[in-house]
Amino acid sequence: MITSFLMRSFDRSILIAVAILVGLAMLVPALNLLTAPDHPLHVPTYLVSLFGKYLTYALLALALDLVWGFCGILSLGHAAFFALGGYAMGMYLMRQIGARGSYGNPLLPDFMVFLNWKELPWFWHGFDMFWFAALMVVLVPGLLAFVFGWFAFRSRVNGVYLSIITQAMTYALLLAFFRNDMGFGGNNGLTDFKDILGFNIQANGTRAALFAASALMLALCLILTSAIVRSKYGKVLVAVRDAESRTRFLGYRVEHIKLFAFTLSAMMAGIAGALYVPQVGIINPGEFEPGNSIEVVIWTAVGGRGTLIGPIVGAILVNGGKSIFTAAFPEFWLFALGGLFVLVTLFLPKGVVGTAGAYFARRRAELRGQAAETPNNLAVEPMAAE
Amino acid sequence: MNQTIGQTKPTSLLYLDGVSVSFDGFKALNALSFVVEPGELRAIIGPNGAGKTTMMDIITGKTRPDEGQVFFKGEIDLTKRDEAEIASLGIGRKFQKPTVFESHTVWDNLELALNRKRGVFSTLFYRLTAEDRARIEEILATIRMSPRRDDLAANLSHGQKQWLEIGMLLAQEPELLLVDEPVAGMTDAETAETAILLKEIAKSRSVVVVEHDMGFIRELGVKVTCLAEGAVLAEGSIDFVSSDPKVIENYLGR
Amino acid sequence: MYRILQILFVALCLVISAHVVGSRAAEGLGPLIDQLGSAKLSDMDDHITALAKTGDAKVIPVLEALGEGELYQRKSDGKVFLVKAQGADLLLVDPATGAGAGAAPKAAMQKVKVNNAVRRAVRSALGGLTLFSDDTRARLKAAQSMLQTPNADALEAIETAIAAERDGAVRQVLDEARAVTLLVSDRPEDQKRHAIALLAEGNGRNGLAVLTSALATADASLKPDIETAIARIEQTQAFWNAGQNVWYGLSLGSVLLLAAIGLAITFGVMGIINMAHGEMVMLGAYTTFLVQEVIRSSYPQLFDWSLAIALPLAFLVTGAVGLAIERGVIRFLYGRPLETLLATWGISLILQQSVRSIFGPTNREVGNPSWMSGAFELGGLTITWNRLWIIVFALAVFAALLFLLKRTSMGLKMRAVTQNRRIASSMGIRTPWVDALTFALGSGIAGMAGVALSQIDNVSPNLGQGYIIDSFMVVVFGGVGNLWGTLVGAFSLGILNKFLEPYAGAVLGKILVLVLIILFIQKKPRGLFALKGRAVEA
């Protein structure tokens, strides 16, 4: 059942994207590790980490697209899910530092020693084990999304109202994580990581492996989301997006449909955050900034919401642009980003991939239109393939 | 009146008694009582603001009544259930404005409406069986849309959207179908065909039609209920109702 | 009137006689000081008291130096000097004249010995001395310090000071200080009882501490009096604390109302999600800054009028920006609220960065006109003028807006368009025009809010961001499309916030309020004053 479910996900564009991602997962580490630094094809380590960061952003955008593009839920809380996943990973990395911190306390991270704490808070227990931390990376954002969504969708908080309260949720978390008493390092967050799974986090090999992990995880999530949106459940998602009450009157429990997508999406965002933190080496409350969540929305919009490749393309385009822009003309980046928001919503509502897709679809339809003039040419039935 | 219709409760398909609801002091329904028998095709007429749509909202769980009883099949209390639950019980509803899933194909619209398990995981792992395929083909034929199965619903004409929506209701296999102004905006030919379609549908289930078009109602040739100011004004054959002086005053005009 | 003159006359006589006493004593100051050098530690107390009794201001530095260990005796002649270390030598200052007296090697000098008992005596003597200072502020400070650290030895000094004091405020503090000090002294019981009654009368925060500590040591006969007095003070304090919280809450509520009221128009009435709303507030604040800059450089005498000039200007500036945004972007996005949200967020980034590029990223100084600075006391409440004026202003803006919407033809058109665009347009209303003006109105009001907020907040490019989430919360909480809801929402959230703060702290209090609103919206998705009926669903 699962395999047939996953098999359904492969159409040509997904197949190509997955192939590219798997190829990158092998090629980039190889070019980084196996070529000499002066080799023309050498990829420096800082670029490996930078691209790895883009891939985690792409995963975050993909997660948002599942709820926004396919179900019409504009969540402004995805940066929060991302950050929570990041904090879970950060807590594991902090525990790995052990006695090598500035204060040399084997149990307590530096900031706790600094705050004069004597014991590890209860919620820090277990994070010395990778499997536990990995579980928390999906469970914590998932649980928050589940509880939040359970209440919000049941009371039919919709549209912009949902956007506003997800933003309020993010804002509340931002304020909370800034507090030292929360036990997450306050203002400074978690940083100065040393090891991950016993490997030096600064080493080229580890960086390359993290890149490969990000690319493969993105490919995996792409296959998963593709399978989901192609299933009947995916059609229901779109139905909810387009005509929520019609879906309800057909007997679908819209709140359950939304809740599943929202929770799953939050979990994917958490994974993205967990892959992000070891590659940038820090997680702090700034990641909860409400502005960050909205930026994710614009990546998705630029690439094309409601398509699966779009958010990936959008995240990489916008962040690549940001890296170049902020280096060249730092003053103008916010103008460019702000302009992007306005222009995309006004002139490119389907995004780059959506617009290109529509163009090709039109071309194909024209070609088919010419072919259809010959008699007995039946249109291909989409379901027949299964 | 309550006593007389009270006796019909166990055998009725739909039973409303003393239903009232108000919005900000405006009484949309005022102690409305109304019964539909199994297999019945019923037409409802009434001026704007008579409470026709509100009545449908109450039956389908979109609005909760302030007071009164609403029972399905004599024993199921509809006031305690929400839209999805009521739809699963077998009550289908067609909106005044045709509402179909515009970014899905005609086929997918029908597949979504098909009366199968509707949970998250059932839909996630759903596979189209030969039986389901045959059923969809059958409905496509009924609503005369087989050639357009792969077109996006957004590209259909207004009348075709109405039919697709009726087709979706058929796929839902309801025992009671509520239809709100099915021929609004249709051409005369389409109206006549819709009347035939509805009569065909009513052979196997109960249908309640809200309509302004008196010609259409005459064509249906069924029992008519006239609502005004949230209550039943008159009930009976079309000739009986349209000769009622209160109905003429309130609705038809002289 | 006659009585007052009489009191003034008596007071004047007292002051003059005190001066006469002071100058006569100065003649004997030198020997008195020199005695300090040779006195035994156990006798120091008397010498210090004797010095203090002279009431001479010159005694103050001497006693201070004694307390600090900077008072030395010359071994050769036993004379006492104030010293300051300079390399290996000590610079000498004659205490009686305050003139320099050359330098001396350290070996030639001996430090005047002090212990804790001496230091204590010095402190209380100093307190008593400054009580007679000519400077009212110094006297007030001394009285307050006596109030906070009551010392039985100072009682007589306080009583003398009370007799001489002319300033009402100082006198009041002195009376309280006397009562507090009396309790720790060995005065007779009826005087103490009187003191307790006096402490219970005032809103005395100090009285409470003194009474509580006195309760442990007091005679059994006094205890019931003290207990009732404590209960009474606590009661008054609880009352005034609650009052102060309400006041802070009203003040925060007025800020929220100001920030949200423009949004109540654009979001509440028109349904436009304007994420650049906060930036409109920010632009209003910067308009105020510009107006003040011009006034400062060219017309300084107009400074008190700066806000009055800035208000209409801010309204026009932000209204014009709003108009441009509506015509340039938003009108293409009607019916697509999520896209509107994104586009206006983009606009907010552009506006922020523009202001940052023009005015720099740091806070700009916006001054308070004289009528907005300072504070006054109302019972146990401290009320600052700027907060009071902002509450008045917020309510005035609210009333004006209500009037505009309900009583003018423009308001009628606005409501018509938002309720049923098609019908309104078929009635001959130019709906696009009304849309643009309504949006400009909402933006202009945000700009006026910015003028007010510039008085209490930092004027920086990020000013608006701090308000955007709060103002959306207020509008959603109050009920979209309902101005009264915004009013009630703003004040209830403000007061709720300030009542949570003492228990949870400022940040946690805010978090709690956010969580409460989120939960509230689950319960009532349409807010406090929801519109009901079929029209809402459409």
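The values are calculated or read from the model by the stated rules, or taken from the named source; none is laboratory data. In this text, all values refer to a predicted model and were calculated from it rather than measured experimentally. Because the Cβ atoms are built from the backbone with ideal geometry, glycine has one as well, and the counts that use them run over all protein chains shown. With ligands, DNA and RNA removed, areas are computed over all heavy atoms of the protein, side chains included. Shrake-Rupley method; radii C 1.70, N 1.55, O 1.52, S 1.80 Å.
Taking the options C:THR228, C:THR288, name whichever one is crowded, with 24+ Cβ neighbours inside 10 Å and not in a loop (DSSP other than H, G, I, E, B). Show your work before the answer.
On the way: C:THR228 fails: crowded, with 24+ Cβ neighbours inside 10 Å.
Residue meeting the stated conditions: C:THR288.
Does B:ARG127 satisfy the condition of being among the basic types (Lys, Arg), part of a loop (DSSP other than H, G, I, E, B), within 11 Å of chain A (Cβ to nearest Cβ) and open to solvent by 60 Å² or more (accessible area, probe 1.4 Å)? Break it down into steps so the answer makes sense when it comes.
Numbers: among the basic types (Lys, Arg): yes; part of a loop (DSSP other than H, G, I, E, B): yes; within 11 Å of chain A (Cβ to nearest Cβ): yes; open to solvent by 60 Å² or more (accessible area, probe 1.4 Å): yes.
Here the answer is yes, as B:ARG127 does meet what is asked.
If B:VAL19 passes every condition in (1) in contact (Cβ under 8 Å) with a residue 60 or more places away in the chain; (2) of a type in the set (A, V, I, L, M); (3) buried (at least 23 other Cβ atoms within 10 Å of the Cβ) but one, which one does it miss?
(1)
For C:LYS113, state whether it is open to solvent by 70 Å² or more (accessible area, probe 1.4 Å) and under 23 Å from C:ASN151 (Cβ atoms). Don't jump to the end; show me each part of the working.
On the way: open to solvent by 70 Å² or more (accessible area, probe 1.4 Å): yes; under 23 Å from C:ASN151 (Cβ atoms): yes.
Yes.
Could you figure out which of (1) within 13 Å of chain C (Cβ to nearest Cβ); (2) within 20 Å of A:CYS71 (Cβ to Cβ); (3) out of contact with any His (no Cβ under 9 Å at 6 or more places or on another chain); (4) assigned to a helix (DSSP H, G or I) isn't true of A:ARG305?
Only one criterion in (1) within 13 Å of chain C (Cβ to nearest Cβ); (2) within 20 Å of A:CYS71 (Cβ to Cβ); (3) out of contact with any His (no Cβ under 9 Å at 6 or more places or on another chain); (4) assigned to a helix (DSSP H, G or I) is unmet by A:ARG305, namely (4).
Taking A:PHE211, is it aromatic (Phe, Trp, Tyr) and surrounded by fewer than 21 Cβ atoms within 10 Å (Cβ to Cβ)?
Details: aromatic (Phe, Trp, Tyr): yes; surrounded by fewer than 21 Cβ atoms within 10 Å (Cβ to Cβ): no.
No: the conditions fail for A:PHE211.
For C:ASP43, indicate whether it is over 42 Å from the mean Cα position of the chain (by Cα), open to solvent by 40 Å² or more (accessible area, probe 1.4 Å) and within 25 Å of C:ARG120 (Cβ to Cβ).
Values: over 42 Å from the mean Cα position of the chain (by Cα): yes; open to solvent by 40 Å² or more (accessible area, probe 1.4 Å): yes; within 25 Å of C:ARG120 (Cβ to Cβ): yes.
It is true that C:ASP43 is over 42 Å from the mean Cα position of the chain (by Cα), open to solvent by 40 Å² or more (accessible area, probe 1.4 Å) and within 25 Å of C:ARG120 (Cβ to Cβ).
Check off (1) part of a loop (DSSP other than H, G, I, E, B); (2) facing chain A (nearest Cβ under 7 Å); (3) surrounded by 17 or more Cβ atoms within 10 Å (Cβ to Cβ) for B:PRO98 and give me the number that stays unchecked.
(2)
Criterion first (more than 7 Å from every other protein chain (Cβ to nearest Cβ), of a type in the set (A, V, I, L, M) and open to solvent by less than 50 Å² (accessible area, probe 1.4 Å)) does C:LEU381 satisfy it? Show your work before the answer.
Working: more than 7 Å from every other protein chain (Cβ to nearest Cβ): yes; of a type in the set (A, V, I, L, M): yes; open to solvent by less than 50 Å² (accessible area, probe 1.4 Å): yes.
Spelling it out, C:LEU381 is indeed more than 7 Å from every other protein chain (Cβ to nearest Cβ), of a type in the set (A, V, I, L, M) and open to solvent by less than 50 Å² (accessible area, probe 1.4 Å).
Here's a check for you: in the stretch A:148-168, which residue that is in a helix (DSSP H, G or I) and either among the polar types (S, T, N, Q) or open to solvent by 60 Å² or more (accessible area, probe 1.4 Å) (or both) is nearest to the other protein chains (Cβ to nearest Cβ)? Walk me through it before giving the result.
Step one: of the stretch A:148-168, the residues in a helix (DSSP H, G or I) are A:148-154, A:159-168.
Add one more test, that the residue is either among the polar types (S, T, N, Q) or open to solvent by 60 Å² or more (accessible area, probe 1.4 Å) (or both), and what stays is A:150-151, A:154, A:163, A:166-167.
Working: A:TRP150: 9, A:PHE151: 4, A:ARG154: 8, A:SER163: 6, A:THR166: 9, A:GLN167: 6 Å.
This residue is A:PHE151.
Which condition number in (1) in contact (Cβ under 8 Å) with a residue 60 or more places away in the chain; (2) among the β-branched types (Val, Ile, Thr); (3) within 19 Å of B:THR53 (Cβ to Cβ) is the one that B:VAL183 fails?
The one condition B:VAL183 does not meet is (1).
Going through C:THR318, C:THR344 one at a time, which residue ends up being farther than 29 Å from C:VAL294 by Cβ, surrounded by 21 or more Cβ atoms within 10 Å (Cβ to Cβ) and of a type in the set (Val, Ile, Thr)? Can you show your working first?
Numbers: C:THR318 fails: farther than 29 Å from C:VAL294 by Cβ.
Exactly one of C:THR318, C:THR344 is farther than 29 Å from C:VAL294 by Cβ, surrounded by 21 or more Cβ atoms within 10 Å (Cβ to Cβ) and of a type in the set (Val, Ile, Thr), namely C:THR344.
Would you mind listing the helices (runs of 4 or more DSSP H) fully within the stretch A:182-270 where at least 2 residues are in contact (Cβ under 8 Å) with a residue 24 or more places away in the chain and either facing another protein chain (nearest Cβ under 10 Å) or among the polar types (S, T, N, Q) (or both)?
Values: elements: A:204-230, A:232-242, A:244-249.
Once the helices (runs of 4 or more DSSP H) in the stretch A:182-270 are filtered for at least 2 residues that are in contact (Cβ under 8 Å) with a residue 24 or more places away in the chain and either facing another protein chain (nearest Cβ under 10 Å) or among the polar types (S, T, N, Q) (or both), what remains is A:204-230, A:232-242.
Across the stretch B:24-39, what is the number of residues that are open to solvent by 30 Å² or more (accessible area, probe 1.4 Å) and either in contact with a Leu (Cβ under 9 Å, 6 or more places away or on another chain) or among the β-branched types (Val, Ile, Thr) (or both)? Step through it out loud before you land on a result.
The initial filter retains those residues of the stretch B:24-39 that are open to solvent by 30 Å² or more (accessible area, probe 1.4 Å), namely B:24-27, B:30-31, B:37-39.
From what is left, the residues that are either in contact with a Leu (Cβ under 9 Å, 6 or more places away or on another chain) or among the β-branched types (Val, Ile, Thr) (or both) are B:24, B:37-39.
Residues flagged as open to solvent by 30 Å² or more (accessible area, probe 1.4 Å) and either in contact with a Leu (Cβ under 9 Å, 6 or more places away or on another chain) or among the β-branched types (Val, Ile, Thr) (or both) within the stretch B:24-39 amount to 4.
Of a type in the set (Asp, Glu) and within 14 Å of chain A (Cβ to nearest Cβ) - does that describe any residue in the stretch B:64-79? It would help to see each step written out before you state the result.
As a first pass, look at the stretch B:64-79 and keep what is of a type in the set (Asp, Glu): B:66-67, B:75, B:77.
With the extra rule that they be within 14 Å of chain A (Cβ to nearest Cβ), the set shrinks to none.
Within the stretch B:64-79, not a single residue is of a type in the set (Asp, Glu) and within 14 Å of chain A (Cβ to nearest Cβ).
Is there a residue in the stretch C:487-508 that is aliphatic (A, V, I, L, M), open to solvent by 10 Å² or more (accessible area, probe 1.4 Å) and not in a helix (DSSP H, G or I)?
no
Yes/no matrix, rows are residues, columns are (1) out of contact with any Phe, Trp or Tyr (no Cβ under 6 Å at 6 or more places or on another chain); (2) closer than 16 Å to C:SER443 by Cα; (3) in a helix (DSSP H, G or I); (4) in the same structural domain as C:VAL417 (by TED's automatic domain parsing):
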{"site": "C:ILE325", "(1), (2), (3), (4)": "yes, yes, yes, yes"}
{"site": "C:PHE332", "(1), (2), (3), (4)": "yes, no, yes, yes"}
{"site": "C:LEU338", "(1), (2), (3), (4)": "yes, no, yes, yes"}
{"site": "C:LEU341", "(1), (2), (3), (4)": "yes, yes, yes, yes"}
{"site": "C:THR344", "(1), (2), (3), (4)": "yes, yes, yes, yes"}
{"site": "C:ILE347", "(1), (2), (3), (4)": "yes, yes, yes, yes"}
{"site": "C:ARG356", "(1), (2), (3), (4)": "yes, no, yes, yes"}
{"site": "C:PHE376", "(1), (2), (3), (4)": "yes, no, no, yes"}
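Sort through C:ARG387, C:ARG327, C:ARG336, C:ARG364 and tell me the only one that's touching a Leu at 6+ places or on another chain (Cβ under 9 Å) and open to solvent by 50 Å² or more (accessible area, probe 1.4 Å).
One residue alone meets the criteria, C:ARG387.
Which residue, of C:VAL459, C:VAL434, is surrounded by 19 or more Cβ atoms within 10 Å (Cβ to Cβ), free of Cβ contacts under 8 Å to residues at least 40 places away in the same chain and in the same structural domain as C:LEU487 (by TED's automatic domain parsing)? Full working, then the answer.
Numbers: C:VAL459 fails: free of Cβ contacts under 8 Å to residues at least 40 places away in the same chain.
Going through C:VAL459, C:VAL434 in turn, just one is surrounded by 19 or more Cβ atoms within 10 Å (Cβ to Cβ), free of Cβ contacts under 8 Å to residues at least 40 places away in the same chain and in the same structural domain as C:LEU487 (by TED's automatic domain parsing): C:VAL434.
For the stretch A:1-97, give me every one of the helices (runs of 4 or more DSSP H) that falls completely inside it and has 2 or more residues that are under 18 Å from the mean Cα position of the chain (by Cα).
Values: elements: A:2-7, A:12-33, A:45-68, A:78-97.
Because the criterion is at least 2 residues that are under 18 Å from the mean Cα position of the chain (by Cα), the helices (runs of 4 or more DSSP H) in the stretch A:1-97 that meet it are A:12-33, A:45-68, A:78-97.
Taking the stretch A:133-147 only, how many residues are open to solvent by 20 Å² or more (accessible area, probe 1.4 Å) and within 14 Å of another protein chain (Cβ to nearest Cβ)?
Going through the stretch A:133-147, the residues open to solvent by 20 Å² or more (accessible area, probe 1.4 Å) turn out to be A:134-136, A:138-140, A:143-144, A:146-147.
Adding the requirement that they be within 14 Å of another protein chain (Cβ to nearest Cβ) leaves A:144, A:146-147.
Residues that pass the stated criteria total 3.
Mind listing whichever residues of the stretch B:45-79 are among the polar types (S, T, N, Q), in contact (Cβ under 8 Å) with a residue 24 or more places away in the chain and part of a loop (DSSP other than H, G, I, E, B)?
So the first thing to find is which residues in the stretch B:45-79 are among the polar types (S, T, N, Q), and the list is B:48, B:53-54, B:60, B:63, B:69, B:79.
Next cut, in contact (Cβ under 8 Å) with a residue 24 or more places away in the chain only: B:53-54, B:60, B:63, B:69.
Answer for the stretch B:45-79, where residues must be among the polar types (S, T, N, Q), in contact (Cβ under 8 Å) with a residue 24 or more places away in the chain and part of a loop (DSSP other than H, G, I, E, B): B:THR60, B:THR63.
Just checking, how many residues over the stretch A:53-95 are among the charged types (D, E, K, R) and modelled with pLDDT of 95 or more? Walk me through it before giving the result.
Pass one, the stretch A:53-95, residues among the charged types (D, E, K, R): A:53, A:65, A:95.
Filter once more, keeping what is modelled with pLDDT of 95 or more: A:53, A:65.
So the answer is 2.
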